[in-house]
Amino acid sequence: MKNKTNKLIFNVLFLFMLLFVVLLKQSVSDSKSFLSTNKISFLGKVFAEDDDEEEDEEDEDEEDKDDDDEYEEEIIYETVEIPVVPFVPIQRYVTVVDQGYDIDTDKDGLVDALDPHPAVHEKELFTDEDNDGIPNALDKYKNEDDFLFIDFSDENDNGILDAFEY
């Protein structure tokens, strides 16, 4: 029973596919330019037979001649030059710097090779938190007046007191 049912279903599907292929072939053969149309008709064209078949054949021959004049096909071959792009290897440069140019010890934005005071933040050379006139970087006595404890000697005679030379 199962084999008969499967065979029947197979035969019905085969007939539908055969009918589909026949209708598709007929619609393609009826259209003059299948590739240029966007519509595919699956229904065939029906023509009534006339008594004057000879006149119809002559009319068709004239129409074919007219159609041939309107739709002449011409094949044109064009040569297109494709530019050849040569292979160029990509060059990568790696710059190796000295050890002082990649480290900033005091985190002031100047690398140690260019920083005149690599251990002291440059801001500390220009700020005075205790208002005693001595920059924080040179301040020996924090939050006190450094001039009270200062030795006013200048042994090298450079105009800067020895206590404030850095």
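With a simple spin-label model that places each label point 7 Å from the Cα along the Cα-to-Cβ direction, the separation between N11 and H117 comes to 10.8 nm. Of the trypsin sites (Lys or Arg not before Pro) found in the stretch 106-166, those that fall in a DSSP loop while having at most 14 other beta-carbon atoms within 10 Å are K107, K140, K142. Name the residue farthest towards the positive end of the dipole of the stretch 67-166 from the options I90, T127, F164, assuming +1 on Cβ of Lys and Arg, -1 on Cβ of Asp and Glu, about the Cα centre. The Cα lying farthest towards the positive end belongs to F164.
Bear in mind that the values in this text are calculations on the coordinates, not laboratory data. Small disclaimer: the values here were computed from a predicted structure and weren't measured. Positions of Cβ are generated from backbone atoms using ideal geometry, with glycine treated the same way; all protein chains shown enter the neighbour counts.
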